[in-house]
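Just so you know, all these numbers are worked out from the coordinates, no wet-lab data involved. Quantities reported herein were computed from a predicted structural model and do not represent experimental measurements. All Cβ positions, even for glycine, are placed from backbone atoms using ideal geometry, and neighbour counts span all protein chains on display.
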Amino acid sequence: MKEITTINVGKSVFTMEVDAYRMLRRYLDDVARHCEEAVRKDTLEDVEIRVAEIFSEHCRSLQTVVTTSMVREAINTIGPAQSFGEYTDEGEIFKQLRYKKLSLSSQDRIIGGVCGGVSEYFGVESTPVRLLTFALIFFGGVSLWVYLIMWAVMPRHEEQ
């Protein structure tokens, strides 16, 4: 007796053996690792649609279960993951990502570093941020409280 699951592949629903699902998932993950980031999403969608077409040829009724041999056939028809480009280690991708953190600026500060920190976070010059803050403090009133709260709450910038 084999365990089965229901999945959505290429906007079509299929009932698959769990082993077949794992094999397909590994293949799609490998294809994603071999694709350039700019085309990864589109390529995966295209591959899933092609896999769904191949499965549909074999699954004439909703009760037909996709097996590992059907997944192997689909992989052989589409081609190995290596044909989609050069392998990229997922760990390297995550190491390259830098999460932005809103913090007081240690370099670009006049009073408390709030405007400098906000400008670093959004990647803009600090002068317009300072001018906007100045205008809002004198013409809006509430901004002074927001500035003081941000100054008290924002963590200091940590050098890396």
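Points to keep in mind about this one:
- Estimated dipole of the chain in Debye, rounded to 20 [Cβ of Lys and Arg +1, of Asp and Glu -1, Cα centre]: 560 debye
- For Arg25, neighbours were defined as the other residues whose beta-carbon sits under 12 Å from its Cβ, and their charges (Lys and Arg +1, Asp and Glu -1) total -2.
- With kT/(6 pi eta Rh) evaluated at 20 °C and eta = 1.002 mPa s, and Rh the Kirkwood radius from Cα pairs, region 1-92 diffuses with a coefficient of 158 µm²/s according to Stokes-Einstein.
- Along region 68-78 the Karplus relation, 6.51 cos²θ - 1.76 cosθ + 1.60 evaluated at θ = phi - 60°, assigns HN-Hα couplings of 5, 5, 5, 5, 4, 4, 5, 5, 5, 5, 6 Hz to successive residues, with x for each Gly and Pro.
- Net charge of neighbours whose Cβ lies under 12 Å from the Cβ of Ser69, counting Lys and Arg as +1 and Asp and Glu as -1: -2
- Positive-end residue, the chain charge dipole about Cα centroid, Cβ charges, pick of Tyr27, Leu131, Tyr121: Leu131
- At q = 0.12, 0.22, 0.25 Å⁻¹ the log10 of I(q)/I(0) for region 98-160 amounts to -0.27, -0.87, -1.08, computed by Debye summation with a single uniform scatterer per C-alpha, solvent ignored.
- More than 21 Å apart - percent of Cα-Cα pairs taken over the chain: 62 percent
- Cβ charges +1 (Lys, Arg) and -1 (Asp, Glu), total dipole of region 98-160, debye: 100 debye
- Ranking Val39, Val51, Gly85 by Cα position along the charge dipole of region 1-89, where only Lys, Arg, Asp and Glu carry charges on their C-beta atoms, puts Val51 farthest toward the positive end.
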